[in-house]
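Inspection log for the structure reproduced underneath, given as structure tokens.
What follows is calculated from the coordinates using simple rules that are stated; it is not laboratory data. Fair warning: this is a prediction, and the values are worked out from it, not measured in the lab. When we count neighbours, we look across all protein chains shown, and the Cβ atoms used for this are built from the backbone with ideal geometry, even at glycine.
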Amino acid sequence: MKNHCVLVTDLQIRRYVLPSDFSKIPTLILRALWLTHTLKKNQWFSEQELRALQTKKLRALLRHAYSRVPFYHQRFRSIGLYPDDIKGVEDLGRLPIITKDDVERAGTQIVADNIDLKKSFKTHTSGTMGHPLRVYYDPRYLDHITASSRRYRSVLGRKSWEKTAVVRFSDSDSKGEAGRGIAKRTFHSFRRNYSRNYYISYSANEIAKELSDFQPDVLFGRPIYLRLLAEEFRRTGHKISPRLVLSRGDVLDHSNRKFIETTLGCDVYDSYGGNDAGPIAWECLEKDGYHMEADMAICEFLKGKENANPKEVSDIVVTNLNNYAMPLIRYRSGDKGSYRSEKCACGRTLPILESVEGREKEFLAARNGERLSPKTLQEIAYSNNSLPPMFQIFHERDHISINVYGEDVSDDSISDLKTKFSDVFGEIDVVKHKENAKANMRFFLNKAS
């Protein structure tokens, strides 16, 4: 019963189940349980079964997009292509690639005309690389996201009743979780017994004591938030003993993973996805690459217009197979990564995402001409178990500078950071700022491209 009660809170009750709609809860639970069962089964499918499932879902999505989404109807007609021309995943290359700019320009033309926007779930991307992108989900896609999350829970052995802390960024004073009305207050009161949000603005000292009091079993957060927390726990002596730490939302490099794991005394598992393209991939207990959710999305790895080779860093292009409200078909996410052909030792047959290297716009050119990914640059900064200050590398034209933030930053840590990046970029300037940097600051800004 405990498991089923917590499942109710996984659903979008705040948006879709009002007090007069409580009769819908059993149906929502049954649908979520069935989808979860289905996704759990899919991860053991043969390659042929996965490809057949992808083809079936892709063809259904294309028919829907052509008949219901003005943006795709016009796009397909302009190149003389019709949904039935796509016989399978192997024909995806015949479809045009779309970008975030295309989606922004399309506005509601990329939203299905049979979707009531007032009843759809609205979210947006973080906007850290520009303007946030508004995204619409339909209720059934939310069910798929819930089922995907619960599949991942089962992979890691998570229990629904384990206490969970989610670390988020906020630069405002409005950090409460409770809404208006008795039903919402009751829901949030129940929810806080096992799951809480903690908001970080500049440093982890804002929440370290509260987390220590709560003692979560599972800790969620972006890698930088987890790093700041680990540093704060080392500095103050506050302690938490989570069973799992789950990283998401940004690049997790080896050095940061090792530091967080050593400090918190447990394994860190990373996942990859976004509010636009949806959940894409996650690490299992083997931590040997990311299992791509091939039953949720199709991932392509492209060098220009050609398919990339295994382990070759390339553009990640995603087709979300379940969001009928706002289909994203062959969506170039702006991220770069690589895949591999070998399967994981866990026995799951889902294809493997070898590495996520970061945003293409954050790649920086070294003095030897090599373009270095954010993941590689973070490895350089955090190598030798060093604790660099909050920093930002700024590349404009032929000039590179490092902005260092914090009043108590030592000269030694600045010198160490400068030495590491001077070896890579040549002569660089260091600009010291007394104020603290916001926790969601991007480390690498490339204005040269």
Checklist outcome for this item: Cross-link reach from Lys305 to lysines, straight Cα distance under 30 Å and at least 8 residues apart if same chain, gives Lys56, Lys57, Lys87, Lys100, Lys336, Lys343, Lys361, Lys375, Lys447
Item to check | Length-normalised contact order for the range 113-166 - Cα pairs under 8 Å, 6+ apart - percent | outcome: 23 percent
Checklist outcome for this item: Charge tally for neighbours of Gly289 with beta carbon under 10 Å away, counting Lys, Arg as +1 and Asp, Glu as -1, is -2
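Over the residues of the chain, compute the C-alpha Rg and express it relative to 2.2 N^0.38 Å. Before the final figure, lay out the partial values.
Details: Rg = 22.6 Å, N = 449, 2.2 N^0.38 = 22.4 Å.
Normalised Cα radius of gyration, the chain: 1.01.
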Item to check | Built amide H within the under 5 Å cut-off of Ala365, gap 5+ | outcome: Leu372
Checklist entry - Can you pull out the GluC sites (Glu not before Pro) in the range 359-449 that DSSP calls coil and that have at most 12 other Cβ atoms within 10 Å? => result Glu370, Glu407, Glu427, Glu435
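Once a ≥ b ≥ c are taken as the square roots of the eigenvalues of the Cα gyration tensor of the range 17-117, is the result rounded (a/c under 1.5), prolate (a/b larger than b/c) or oblate (a/b not larger than b/c)?
On the way: a/c = 2.69, a/b = 1.27, b/c = 2.11.
In terms of gyration-tensor shape, oblate.
How big is the shadow of the Cα convex hull of the range 273-411, averaged over all directions, in nm²? Could the numbers behind the result be given before it?
Working: hull surface 47.4 nm².
Mean projected area for the range 273-411: 11.8 nm², to one decimal.
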Item to check | Computed helical MRE - 222 nm, the chain, DSSP H runs ≥ 4 contributing -39500 (n - 2.57), nearest 500 | outcome: -10500 deg cm²/dmol
Checklist entry - Say each of Ser212 and Leu33 gets a label point 7 Å from the Cα, pointing the same way as Cα to Cβ; how far apart are those two points in nm? => result 4.2 nm
Checklist entry - With the Cα gyration tensor of the range 363-446 giving a ≥ b ≥ c as the square roots of its eigenvalues, does the rule (a/c under 1.5 for rounded; else a/b larger than b/c for prolate; else oblate) give rounded, prolate or oblate? => result prolate
Next on the checklist: Output wanted: per-residue J couplings in Hz (rounded whole) for the range 195-207, from phi through Karplus 6.51 cos²θ - 1.76 cosθ + 1.60, θ = phi - 60°, x for Gly and Pro.
Outcome noted: 9, 9, 9, 10, 10, 10, 10, 10, 9, 7, 5, 5, 10
Checklist outcome for this item: Hydrodynamic radius by Kirkwood for the range 249-308, inverse mean 1/r across distinct Cα pairs, in Å, is 13.4 Å
Checklist entry - How long is the gain from Ser154 to His399 if the chain were fully straight, where each residue apart is worth 0.36 nm and the alpha carbon distance is subtracted? => result 83.4 nm
Next on the checklist: Pairs of alpha-carbon atoms within less than 8 angstrom and 6+ residues apart define the contacts here; what relative contact order does the range 363-446 have, in percent?
Outcome noted: 35 percent
Item to check | Most mobile of Arg257, Arg330, Arg77 in a GNM of the chain (Cα contacts under 10 Å) | outcome: Arg77
Item to check | Note, ³J(HN,Hα) from phi for the range 379-385, Karplus 6.51, -1.76, 1.60, rounded to Hz, x at Gly and Pro | outcome: 4, 5, 5, 9, 5, 6, 6
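What order do you get for 439-445, 420-426 when each peptide is scored by the mean count of other beta carbon atoms within 10 Å, highest first? Present the calculation step by step, with values, prior to reporting the outcome.
Values: 439-445: 19.1, 420-426: 16.9.
With the highest mean Cβ count within 10 Å placed first, the list reads 439-445, 420-426.
Any idea what the relative contact order of the chain is, in percent, if you count C-alpha pairs under 8 Å spaced at least 6 apart? Please report the intermediate quantities before stating the final value.
Details: 778 pairs, mean separation 61.2, N = 449.
Result for the chain is 14 percent.
Quick one: which of 217-224, 260-267 comes out on top by average Cβ neighbours within 10 Å, and what's the full order, highest first? Write out the running numbers ahead of the final one.
On the way: 217-224: 22.4, 260-267: 17.2.
Top to bottom by mean Cβ count within 10 Å: 217-224, 260-267.
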Checklist entry - Taking amide H positions as placed 1.01 Å from N in the peptide plane, with prolines and chain starts having none, which residues 5 or more places from Ala308, or on another chain, fall under 5 Å of its amide H? => result Phe301, Leu302, Lys303
Next on the checklist: Output wanted: per-residue J couplings in Hz (rounded whole) for the range 321-335, from phi through Karplus 6.51 cos²θ - 1.76 cosθ + 1.60, θ = phi - 60°, x for Gly and Pro.
Outcome noted: 8, 10, 8, 7, 5, 9, x, 10, 10, 6, 8, 7, 6, x, 8
Item to check | Long-range HN-HN contacts of Arg340 with modeled amide H, under 5 Å | outcome: Lys311, Ile352, Glu354
